[in-house]
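Some notes on the structure that comes next.
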Amino acid sequence: MVRKSIIASFVVIVLTCGNLLAQKIVVSVNDQPLNLVLSRLIKENNASISFNDSGLSHYRVTANSRFDSLEEAISFLINDLPLTYEMRGAVLVIFPKKSEKEQKKWTLSGRVIERGSAEPLPYSNLLVDNRGIVSDLMGNFSVSSETDSLFNIKISHLGYYIVDTLVAGSSQMNFELVPSSFGLSEVVIENSRVERSGQFGQKAGLIKLNHRIAGFLPGYGDNSVFNLLRLQPGILASGEQTSELIIWGSYEGHSKVVFDGFTIYGLKNFNDNISSFNPLMAKDIEVYKGGWDVTMGARVGGIVNISGKLGNINKTSFEFVANNMTLNALIEVPIAKKGSLILAFRHTYYDLYDPSDLSVLVKRNNDADTTNDADVVIKPDYKFRDLNVKYATRLGKNEDLFYVSFYGGVDNFSYHIDEIFRTSQLLKNTREENSQSGGSVFYGKRWSAVARSHFSFSYSSLRSKYFNDFKLVFPQISKVNQIEDKRTDNRLTEVSLKVDNSFSLGSRQTLETGAEIISNRVALVEDTFGVNYLNMQNKSPRLNMFAQDIIALGNRLSMKVGMRLIYSSLLKEVFFDPRLSMSYVVDEKWKINLAWGKYHQFITRSSVLDEQGNYKYLWTVCDNVEVPVLSADHYVAGTSFISSGFTFSMEAYLKNTDGLTRFIRSEVHDIQDIFYGKSRSYGVDVVLKQDVRSHSFWVSYSLSKTEELFTYFLNGKYRRAPQDQRHELKLAGSLNFDPFFFSADYVVGSGFPDFVYSQQTGSESTTYLKTYSRLDVSVVYQFLNRKLKGETGISILNVLNHQNFKLENFERIPAGQTSTINIYAEAIPFTPTLFLKIYL
């Protein structure tokens, strides 16, 4: 039976033929089974053919032709069939073509959102089948696989519980992450942990911050984000300024803060305890210290990118915060199920200031010796308020993100001094008026699972006015000496229209492209003693284009290669900014990062130095005539090790910056000219961090050096830059004994150089300002019940009451966007602060 079955299913016919070369092969059949046609060929031509008789019986052929050879005849008969043949010796063997399996591709696309509010979590970190990716602003991501329809996915976002799961490929899925600060009475997550250690070492020069823990650190609530920033390695804390961050030795105006896509220039505020944006609006914070990719530009120092909240689409929520300085309120209102409107407002109530904290030093001599300086206590008239309005919604079946964000703030500061000294009376009236506005419109379009585009328009404006009337009256001789009578009005605007695209070219390659039209306009008017000393305005329109390829070479090595082109219509010149970065995953705990790039900046804050040794900074356009375009090269190398709540990160950097400008105006030295310079910054940042259950402890150390060389230096040698500090050590700890939270931080800095006079003589100075030291502590109580939820706490700043100085005391670096000439404010003394936060 078996034998018959075998014979029936497969018949091999082998016949030996004579010489067929002289014969013609004739095939004349009409709709006949192929096996029968082949059998006839064997009989009629004495051919040797091997084939599966039953298999070929399913194919029917038609032919009426003469062929020169057997192979030609067979090729014609099976031409349109899934069959092929080959010669094995003298036998022609026919067999089925190898089944080429259709290459399948499974795609998983999804969105990372917050549980409860359904608010997207931008720039979340994902590990999908051992491949690292980052979600976009809307929390969207997409990955593909050619080997398996199941994806092992791990999602983390700072301040949220980690999700680790196995899912099947799908067109769109929502992954909900639970915030860690919900409170134990509201939610319990079993067998899960909070992502707290992932902010260091993901990319070269990048720090990602958990904004949720900022409110539990010591300090004023209105400055909570910058309290967190100042504790990070590479960001200068000694000097206590927030309106202009000094990142890896950068100069005034070389770094910028971006909120919702538009630039925040920062307002002038006394003691710098009010940040330039509302911390209640922050959702995601990224700090790029150097070596960032081609998608970002416009600065040579550093970039802080802050993504604002998109709002609660499920229910109305409200937050209210009161502290020693300001009232702050935020409300989120759902609109049409997919949208939300956010309103946030801050306002100072100055009456709670302690006038004794506002100590001002008035310089009476022209040297660095402060023994003759006078302490004058003033009570300034100070008002600050700002407003955020944001509407965000999801459009279409893909829930594409659309939002409109607006910001406006004003800051007025004035004071009067009337003091009698030994032989003179000092009269000083100073007023500063600052206003800033900004806004953006954003639309993110998801074309498919592998392609998306972001369209954005942004606008920002800063206007800084400075008025100063400074007199010395000598009653004994009836003489009035007018020291200064100055009016300055500096305006800066920026308008940008941008599109960027991302295309997934496979499971291991992504192409990113984009273009931007941007224009900056600067106007400066200065009157001195009633005479118009300066009146200038200029603008700098530019076209930016970029492209970069992100390639994963296996599961360990990834590269990002890009080029940014900038065409300046003012200069009629194209600038090229190539950039390269690499990451190598040694194992699941250890990672190595490298980055290099070239950067250009087309507006700058030029320094102006007067004969008293005072500095002020004014925004100007880089025209390559009087003010050169800033250029910089960044080199960054780092490594990180993360294991079981322990984090070690170390980064080394080198920054070379060219195109610095300094205007010196001195009648005594008969100098009134613009001088040019360059700088070099290099150093190492080290971070050690340990999470123990819900507690966190970290220490960071920065070893750095920033030097500058200007054309007016007579010895032609580099000297320490005014913001140069060799050592800075930061320690911080946070204890979570819910509902009580305890935290403390301690910052020690080695001090800054003081070149009050050597800058005009060219001689080196050996004067160094004393070390910086500040210890802060806080305790927060969190109350959660059905009717009322919130937090209350107390912070004590500068517990040891160490006498520190703010950076504007050092004549080269003012704290805000406008100048403060001859007035020197102390840093924060021993200061208790209280706050109350209520949210519904």
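Restricting the first member to the stretch 617-638 and to residues that are free of Cβ contacts under 8 Å to residues at least 60 places away in the same chain, and the second to residues that are among the acidic types (D, E), the beta-carbon pairs closer than 8 Å and six or more apart or on different chains are N624/E573; P628/D658.
What's the number of the only condition in (1) within 25 Å of Y617 (Cβ to Cβ); (2) in contact with a Lys or Arg (Cβ under 9 Å, 6 or more places away or on another chain) that W698 fails to meet? Condition (1) is where W698 drops out.
Listed by position, the strands (runs of 3 or more DSSP E) enclosed by the stretch 348-467 that each have at least 2 residues that are at pLDDT 85 or above are 381-395, 400-420, 425-448. Out of G132, G110, one residue alone is in a strand (DSSP E or B) and modelled with pLDDT under 80. It is G132. For the stretch 273-289, a residue qualifies if it is closer than 23 Å to G301 by Cα and among the basic types (K, R), and exactly one does: K289. Would you confirm, using the coordinates I've provided, whether L511 is surrounded by fewer than 18 Cβ atoms within 10 Å (Cβ to Cβ), at pLDDT 80 or above, part of a strand (DSSP E or B) and of a type in the set (A, V, I, L, M, F, W, C)? Yes: the conditions hold for L511.
Give me a count of the residues in the stretch 671-695 that are assigned to a loop (DSSP other than H, G, I, E, B) and of a type in the set (D, E, K, R). Don't jump to the end; show me each part of the working.
Taking the stretch 671-695 and keeping what is assigned to a loop (DSSP other than H, G, I, E, B), we get 693-694.
This time we only want the ones that are of a type in the set (D, E, K, R), so: 693.
Of the residues in the stretch 671-695, 1 are assigned to a loop (DSSP other than H, G, I, E, B) and of a type in the set (D, E, K, R).
Across the stretch 578-592, the qualifying residues are those that are crowded, with 16+ Cβ neighbours inside 10 Å and in contact with a Phe, Trp or Tyr (Cβ under 6 Å, 6 or more places away or on another chain), and the one among them that is nearest to V499 (Cα to Cα) is L580. Selection of the stretch 754-796 for residues being hydrophobic (A, V, I, L, M, F, W, C) and either modelled with pLDDT under 85 or in contact with a Phe, Trp or Tyr (Cβ under 7 Å, 6 or more places away or on another chain) (or both) yields F755, V756, L769, L775, V779, V780, F783, L784, L788. For the stretch 539-550, the criterion of being more than 25 Å from S496 (Cα to Cα) and more than 22 Å from the chain's Cα centre (by Cα) is satisfied by no residue at all. Just to be sure before I move on: is V333 at pLDDT 90 or above and in contact with a strand residue (DSSP E or B) (Cβ under 9 Å, 6 or more places away or on another chain) in the structure I sent? Considered against the rule, which asks whether it is at pLDDT 90 or above and in contact with a strand residue (DSSP E or B) (Cβ under 9 Å, 6 or more places away or on another chain), V333 comes out as yes. If you go through the stretch 556-577 and pick out every residue that is surrounded by fewer than 17 Cβ atoms within 10 Å (Cβ to Cβ) and in a strand (DSSP E or B), you end up with 9.
Within the stretch 163-195, which residues are modelled with pLDDT under 55 and touching a Ser or Thr at 6+ places or on another chain (Cβ under 8 Å)? Talk me through it step by step, then tell me what you get.
Step one: of the stretch 163-195, the residues modelled with pLDDT under 55 are 182-195.
V194, E195 - these are the residues of the stretch 163-195 that are modelled with pLDDT under 55 and touching a Ser or Thr at 6+ places or on another chain (Cβ under 8 Å).
The values are calculated or read from the model by the stated rules, or taken from the named source; none is laboratory data. Quick caveat: nothing in here was measured; it's all calculated off a predicted structure. Ideal geometry is used to build each Cβ from the backbone, glycine not excepted, and the neighbour counts take in all protein chains shown.
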